[in-house]
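Please treat every number below as a calculation from the coordinates, not as lab data. Keep in mind it's a predicted model, so treat the numbers as computed, not measured. So basically every Cβ, Gly included, is an ideal-geometry build from the backbone, and we count neighbours across all protein chains shown.
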Amino acid sequence: MHSALRRALLVLALPLALASCGLDSDESDAASSLSAALGGEDTDDCVAEKWVGQLGTKPLVADGLLTEELKARRPVLARVENGTRSVSEEVADAYAAAWISCADFDEMALDRKDDTDASAEQLDEYADCLKEIDDDEWRQAIADSWSGQTESSATVGLDRDQATCERELDGS
């Protein structure tokens, strides 16, 4: 009986958990496509879901990041990510908010392990340094970069602060 009760509770809880995401079927498909285009990592899933959840799909289609069929336009997204194309402030702000709410700085530090000879302690210091950068600075710099304002005070400040954190990896 205990097992049957647990199963019944799971059947009731699953739709509630899925509904809490707030994405309809089209939005969920769009978020999956965007996540794959962003890299397909767990953080990318989180960012894509929050990004689409905040905006819906229309602004993403209007900015050319999604097709009318709600498939990610990988080349366009890649150009936005590398700074050779911009998006509207609305789309940029929503992306930045989603990114900062999903960011895992410890994971970012571990991702650097293969790029550097840093010790575990240095990687921890690097992660701690990234965490000390103000969320508003991260959010504004990312939004500015995505909307084409690559030399804003926020992007310049974030570049400076990240360079300080980079020094943790080489022991300076």
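To make sure I understand, if each residue's beta carbon is the centre and we count other beta carbons within 10 Å, what order do 70, 34 fall in, fewest to most? With the sparsest Cβ surroundings first, the list reads 70, 34.
For residue 66, the residues 5 or more places off, or on other chains, whose built amide H falls under 5 Å of its own are 61, 73. Computed from backbone phi, the HN-Hα couplings of segment 159-170 come to 4, 4, 5, 5, 4, 4, 5, 4, 5, 5, 6, 9 Hz, rounded to whole numbers (Karplus: 6.51 cos²θ - 1.76 cosθ + 1.60, θ = phi - 60°; Gly and Pro given as x). With a ≥ b ≥ c the root eigenvalues of the C-alpha gyration tensor of the chain, is it rounded (a/c under 1.5), prolate (a/b larger than b/c) or oblate? Oblate, since a/c reaches 1.5 and b/c is not below a/b.
Rounded is the label for segment 23-102. Its Cα gyration tensor axes, ordered a ≥ b ≥ c, give a/c under 1.5.
The GluC sites (Glu not before Pro) of segment 109-168 that meet both conditions, a loop assignment by DSSP and at most 15 other Cβ atoms within 10 Å of the site Cβ, are 151. Calculated [222 nm] ellipticity per residue, helices only, for the chain: -22500 deg cm²/dmol; basis is -39500 (n - 2.57) per DSSP H run with n ≥ 4, divided by all residues, nearest 500. Over what distance in Å are the Cα centres of segment 145-172 and segment 44-65 separated? Cα centroid to Cα centroid, the span is 25 Å.
The value of relative contact order for the chain, using C-alpha pairs under 8 Å at least six residues apart, is 19 percent.
Structural descriptor for segment 103-172: relative contact order 40 percent, calculated from alpha carbon pairs under 8 angstrom and at least 6 residues apart. FRET efficiency for the pair residue 156 and residue 121, taken as 1/(1 + (r/R0)^6) with r the Cβ-Cβ distance and R0 = 41 Å, rounds to 0.90. 3J(HN,Hα) along segment 83-89, derived from phi through the Karplus expression 6.51 cos²θ - 1.76 cosθ + 1.60 where θ = phi - 60°, amounts to x, 9, 8, 10, 10, 5, 4 Hz, with x in place of Gly and Pro.
Rounded to the nearest 20, the size of the Cβ-charge dipole of the chain about its Cα centre is 920 debye, with Lys and Arg at +1 and Asp and Glu at -1.
With respect to the chain, whose longest principal axis is taken over its alpha-carbon atoms, helix 2-21 is tilted by about 60°. Specify whether the C-alpha gyration tensor of segment 103-172 places it in the rounded, prolate or oblate class, a ≥ b ≥ c being the square roots of the eigenvalues: rounded for a/c under 1.5, otherwise prolate if a/b is larger than b/c and oblate if not. Verdict is prolate for segment 103-172.
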